[in-house]
Each structure stands twice: as structure tokens, then as C-alpha cells.
Amino acid sequence: MFPTSKTILLTAASATLALTQSAVAEEWGKDRHKGNPYVAGDMHNHNTCTDGSVAAGYSIDRAVGRGVAPAGGNNFDLDWFTLGNHGGSGNRDCRFSDTSANLPGQTTTTWDQTLGKTIDGITVTSLKGTPNGTGSNAKMWRWQSIQEIEYPVIANRTPVYKKVLIEGLEWIAPGHEHVDVAVITGQNPRDEGGNADKMAEFEYRFDRADTDAIGPVFGNSQNQVWPGKDNVNNSGTAGHQKSLAAIAWLQSHHPLQSYVIPTHTERQGPFDPSGSKGYNIEHFRDFNNAGPTVAFGIESPGHFAEGGLSGGSGSYGTGAVGGGTYGMSGIYTAKVGGLWDGMLGEGRNFFIYVSSDWHSRGAGGARDSFTTADFIPGEYTKLYVPNAGRFAAQSVIDGMRSGNSYSVNADLIGPDLVFRAKARGDDWKTMGETLVVRPGDRVTVEMEMTVPAKNNSPYSFNNPLLVPIGTKQPLNKPSLDHVDLITGNITGVIAPGAAGYAVPNAAGTAGASIVYNPTATIAQQIPATKMHREHRDGGAVRLRFTTTFTAGNSPFYIRARGTNIPVGTPNVSDSAGNPLLDANNALVSCTDPACPAHLEAVAGVKKVTHDVQAYSNAWFYANPIFVRPEGSPKLLVETNADLARRLGQRAEHDHHHHHDND
């Protein structure tokens, strides 16, 4: 079944992004950073509709607003923002922040206190679906809060900020842990119209924490709007099959208007065939097979300030695959030859993304400058997607699907990355694209990036992780040490059931030793001192380098990462420059008199933990460029991109045909 009506209109808009913009579009985009080739956003965060600490509106205000919030605290001026709250249910009225947020005039408020009242222009008359709790524990199902709270909040704020605001979901996936999902079909908040009904329907049908058996009904009848829900197969292998059915539903109904991105994928250890946790590589392969234009990557951990004396960055304990995080990333992406390289070694459209997973500031309130848990969206992490001329929700999904995106922690680099390759002529290819070459061709790779003059760190003392090697680097001033260009051979897609499709996984540090692509290697390491350097206004520095590779007879990929950490920094990086287990950072003391009181300590000596650790150990990741010999079969990344183009053309044709028959 192919989407119709409003879905087609959105898809058609996606297919014509390059057309001349109207005056209305130009006016709409006036608040964006027009000069930047990429724009920053966040797709995974929480509010009091489930387990976050602040109101839905407050999270938007702080993420996309500018200057200082009226209630205190800096805003972070993101260009786009997706509300990505959990599925399930919640008993708090999410038009209010929780008492724990410590915001003036805000206190924990439950639905039983507010039913029938109009607050911020939104009136909730009843809790719908199967009754779920009583009194102060009476819960609203998430499908209802998506429709009646979060989306109206988005519609109210979109014309105020003139930013792209999207209603999404952190899907509690059957058989697994969590997945970021958005379905933008029907969402049209620019005109204070539209709805998030399709996002709500997905949550109702497929979230294992949503056990509502009724959902919305037609009028005063008992006739269900969304009949046929499977409320049984929610765990283990059967749950995985239900998750595949959910992805197939998106691929069938919303192939260009949705995404499925598993998040903090290592956190709960490997997949449990009889439980509900974890992922192995075969599950990501299954996802991509079931949803070639919707399931195209994974996301980094979030929770970047949770690291304590025993680890815990990203909320990863010792039982996580890998035993913790590495350079604030999970082992699946941080390890050269790891799971990500395994997926790329098949030539799959499988990319990586970053977001905040914002819940709270731990020991701090929402306005405090420090955090022992999470960063506010835009404060520490930025996911950059292309700055399409008529930037809209569809632009976000198109940019993510294309692979032309990159992920940055601590503003290590800015919104103007150039990462591209060519073999001859001017046929440059960038992230997510495929360069076709002749064997023996010289492949030229060019990278340019701006290191900003400052980031959002409240600390100006020197990076304590680098003090032992004599490097003075203030935490509020980003500094790039080097860039790694990582290559791996592409040997083709492994068929389900074939040898190597399913790979045994392991919890803890044993999971860090698993190699999925033995050909992956740091092919070149370029120190920042060897890059061409230009000083820009305000103290920013523009860095540029060009290098070459020689094409062989087999396809390969080139991906990039960069960091402020020199090779062989004790307790931080190994002799090749790979990040060590982040728990080792806590072995380093923070001895500057300005080291904050909330850092964890041993024998009274503060250690590099929490937000100081996060700003000390900064990385960026750029998605790959693929290279294949001419005459060889197209890679899966190419065929799936072709599929997306055909779907867009089909939608555009159907849209025009529909109007011709009006």
C-alpha cells in the first residue's frame, strides 16, 4: 500500500527541494543560519509525558530558542528539533515541568488535577483508551499525548520560532530496547495545522510498553480507529518479528516520511532470545532488509555526563556490550572493524547519528550550568543534516536517509564540514554517496572543517585529561588534534541464514573484541598541525587537507572521525589513537582550583567525571563515502537510494495525476 493524500504532498515536496523557493519559504527560513551548508538538530529527548524532568514546551524552548531563557539558563539555537519521548504511558501532565527541574512556578502535576482545564490553549477532557491507574496514578497512553499534547505544543511554537519542529518517538521496541522513530505524515505545524495521527498510530500498534487494547474510537461509539493490534508478541524472538512487522508497516505506508534508528544499542548487552533487550548484528541487518528506506542506521548513547568513578558514560554499565563507552560512543561505532564497519562492509546504507537523550541534569536543576546526567538538546551534541533551501521536516528525514550527515560532540567542529572524494574531472561525491572509479585511479579526498572559538562548556580551566602530557587546552575552547580516515573493503550483502549473517555477541569487555570487518583500518591519520590553517573572525580556525587513495579492483568505503585527544594519551587513547574505555578517564585527577564540587572523588581528590569528562573527551564522526569499480554491481546503498528516488518520483506523478483529475 502506497501512501496517499497528505502523505503524497509531503513526498512530492521532498522530490522538488531543489526548485526555486517561494517568498513565503524565504520568509520562513529567515531565522536559520543560511550561510551554513548544514544545520544542527536533536531527535532524542524526553519530557514529563514520560520520564523526563521538564515540560514538552520547555524542552523545545531551551533547544531552539536564543539567548537566555526567561526562567534562567542558556538556550541553544538548534535549527530543527524532534520530540523523541518514550512510548507507553505517563501520569504527569506534560504541560508542566517536574518539581525536580527546580523551575520557578513549576511543580509535579498529574492528570487527575488538570482534566477539563485549558492550559496553554490545550484542553484535555478525558484519559482515553483502556483505563490505566486511578487518582494521581491515572496514566495517559502515549498515543493520546502524542495527538493531544506534544503535537499541539509543536504547532503552537513552530510559528513563534520559525524552526522545524517534529513529533517523534523513542519506540520501546518488541524484543529489543529503544529505537528513535518519526512519522511526519500529516504533520504540518507551519500553518498551525496538520496532525500527528500516524505517529500516534505507530506507537499504539507497535510499542511494547503501550498495552492499551482500545485506542481512539469513532465519535461516541466503541468502534476502534486502529483495530487489529497485537498486544502479545512483545519479547524475545517473537518480539523481534513484531519489530520487523512494524518496520515493514512503515516501509509500506510511509517509506519516505519516516525513520527507524536504534539508540544506545549496546547498553543492555547482547540480544536475549527470551527477553527484551539488546541487539546483535543480524537484527540490524533484518531491520535494513525490512525497511530499506526507513531503517538506515544507529544512534550514539546520549546521557553523556553520567560517567562516574566506575564508568557509566552514556548510562552504560559494565554489562553493556563493550563494558562501557569509548570516546563517548558505544563499541559498535567506536571500534575500527566493529559492528558499524561490518554493516558498511556489506555496502549497506547504514549510518550513525548523535543526540542528547535529554532527561535531567541529575544533581542539578534544569537552569543550572552543570550536569551529572544529561545535556540539554543542542548544548553538547549536534546532528548536522544538509541545509536544504526550503528546509522542512522532510529535509531532516531526507538528509538522514542520504547519509550526508555528521555527528559532533562539544562543538569540536562546526556546521560547514566538507568531506568529499573524486577520481577524475569534477565528479565530487560526499557522505552517503558512491564514487565510481577505474582500478588504479587516484582517489582524491578533501576535508575542510571549522573549529569554533568556543563551545557551551561553563569551564575555562585546562582539559585535565591532557594535563599529564603537558597540553594546555581550556575546556570551553574546542581544539582538534587529528582526523582519522578509516577504510574497509566491501565484500557484498550477506543473505539471511548464510554464514556470517548472525554473529555471536558478548556482554562486557568481551564484546569489545569482536571483529565484524577485519579489513577495516585507520588508513591515514592527519594531524591538525599538518592541515592548512586559516584564522577566521572571532577566533575560529578553518582547517583543510587533501590526500589520496589508490582504487583497486574491489569496492571500499572511507569514513572519518576526529578528536581533541592526541594518540597515546594515558587513560584516554591507545597507540593508534583509538579511544580507550571511558571508565579509565576517572583514573585522572582534576586538580585545578576551578574543578567543580560535583565531580566524584577518591580520598578527597576530584576525578575526571560527569560533564568535565564529556568536555574533555570530544569526538566527531562523519558518515562514509563509498567507492566501487566501474562495471561492478551497484552497492546496496546505491540500490536503496534508487528506491527512494523512484518512490519520490511515483509520489510526485501521483500528486500531479490527482490534480489533473480535480
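Brief remarks follow.
- Rolling a 1.4 Å probe across the protein heavy atoms gives segment 408-492 an accessible surface of 38 Å² per residue.
- 10 Å Cβ shell holding at most 13 others, DSSP loop, trypsin sites (Lys or Arg not before Pro): longest site-free stretch of the chain: 118-423
- For MET140, neighbours were defined as the other residues whose beta-carbon sits under 13 Å from its Cβ, and their charges (Lys and Arg +1, Asp and Glu -1) total -2.
- The overall shape of segment 183-231 is oblate: from the C-alpha gyration tensor, with semi-axes ordered a ≥ b ≥ c, the ratio a/c is 1.5 or greater and a/b is no larger than b/c.
- Approximate spin-label separation ALA523-ALA495, in nm, with each point projected 7 Å along Cα-to-Cβ: 3.0
- Under a model in which nothing but the beta-carbon of Lys, Arg (+1) and Asp, Glu (-1) is charged, segment 168-231 shows a dipole of about 200 debye around its Cα centre.
- In the chain, the DSSP-assigned H stretches of four residues or longer account for a calculated mean residue ellipticity at 222 nm of -6000 deg cm²/dmol, using -39500 (n - 2.57) per stretch and the full residue count as denominator.
- Mean Cα-pair separation over length for the chain, i.e. relative contact order, pairs under 8 Å, 6 or more apart, %: 15
- The chymotrypsin sites (Phe, Trp or Tyr not before Pro) of segment 214-282 meeting both criteria, a DSSP state outside H, G, I, E and B (loop) and at most 12 other C-beta atoms within 10 angstrom of the site's C-beta, are PHE218.
- Taking the square roots of 5 times each eigenvalue of the Cα gyration tensor of segment 223-350, largest first, gives ellipsoid semi-axes of 28, 18, 13 Å.
- Antiparallel DSSP beta bridges within segment 67-174, percent to nearest 5: 55
- Estimated distance in nm for a label pair at ASP230 and GLN113, the labels positioned 7 Å out from Cα along Cα-to-Cβ: 4.1
- Each of THR548, THR519, GLY568 was placed along the dipole of the chain (beta-carbon charges, centred on the mean Cα), and the one lying farthest toward the positive end is THR548.
- Listed values (1) 38.2; (2) 29.5; (3) 27.9 include one computed from this model; for mean projected area of the Cα convex hull in nm² that value carries the label (2).
- Net dipole in debye of the chain [+1 Lys, Arg Cβ; -1 Asp, Glu Cβ; about Cα centre; nearest 20]: 980
- Tensor-based shape of segment 113-225 (alpha-carbon gyration tensor, a/c under 1.5 rounded, otherwise prolate or oblate): oblate
- Between ARG66 and GLN222, full extension at 0.36 nm per residue minus the direct alpha carbon distance yields a gain of 51.5 nm.
- Percent accessible area from carbon and sulfur atoms, segment 113-254, protein chains only, probe 1.4 Å: 50
- Protein heavy-atom surface of segment 461-593, 1.4 angstrom probe: 52% of the accessible area is carbon and sulfur, with nucleic acids and ligands not counted.
- With both residues required to sit in the chain, DSSP beta bridges show an antiparallel share near 85%.
- In this calculation the C-beta distance from ASP426 to ALA594 is compared with R0 = 56 Å, giving a FRET efficiency of 0.65.
The values are calculated or read from the model by the stated rules, or taken from the named source; none is laboratory data. Quantities reported herein were computed from a predicted structural model and do not represent experimental measurements. Please note: Cβ atoms are built from the backbone with ideal geometry, for glycine as well, and neighbour counts cover all protein chains shown. For accessibility, only protein heavy atoms count, side chains too; no ligands or nucleic acids. Shrake-Rupley method; radii C 1.70, N 1.55, O 1.52, S 1.80 Å.
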